[in-house]
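J.: Here you go, one structure.
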Amino acid sequence: MPYVVPVASAARVFETSGRIKDESVEAQLATLGGEVVRVAERFATDRSVHREHECARAAEKVAAAG
């Protein structure tokens, strides 16, 4: 997955329990996780998938969540 969700300061984003305080970061991480699973399933089940296109599509979706 050619996309990352940078977290500049974990102390400001995460509570000590691990819960995410920043809704924007939470949305980006949830979208990123969902896209990793979706793309992995596509790659595992369909060998004809154009991988570069799928990765780009997933990256665009994650970027839009932020």
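The values are calculated or read from the model by the stated rules, or taken from the named source; none is laboratory data. Small disclaimer: the values here were computed from a predicted structure and weren't measured. Every residue, glycine as well, gets a Cβ built from its backbone with ideal geometry; the counts of neighbours run over all protein chains shown.
J.: Looking at (1) over 19 Å from Ala65 (Cβ atoms); (2) within 12 Å of the chain's Cα centre (by Cα), can you tell me which one Cys55 breaks?
T.: Only one criterion in (1) over 19 Å from Ala65 (Cβ atoms); (2) within 12 Å of the chain's Cα centre (by Cα) is unmet by Cys55, namely (1).
J.: If Ile20 satisfies every condition in (1) in contact with a Leu (Cβ under 8 Å, 6 or more places away or on another chain); (2) touching a residue at least 40 places away in the same chain (Cβ under 8 Å); (3) among the aliphatic types (A, V, I, L, M) but one, which is the exception?
T.: Just one mismatch for Ile20, condition (2).
J.: When region 1-39 is examined, which residues are found to be modelled with pLDDT of 85 or more, surrounded by fewer than 12 Cβ atoms within 10 Å (Cβ to Cβ) and not in a loop (DSSP other than H, G, I, E, B)?
T.: Glu23, Val37
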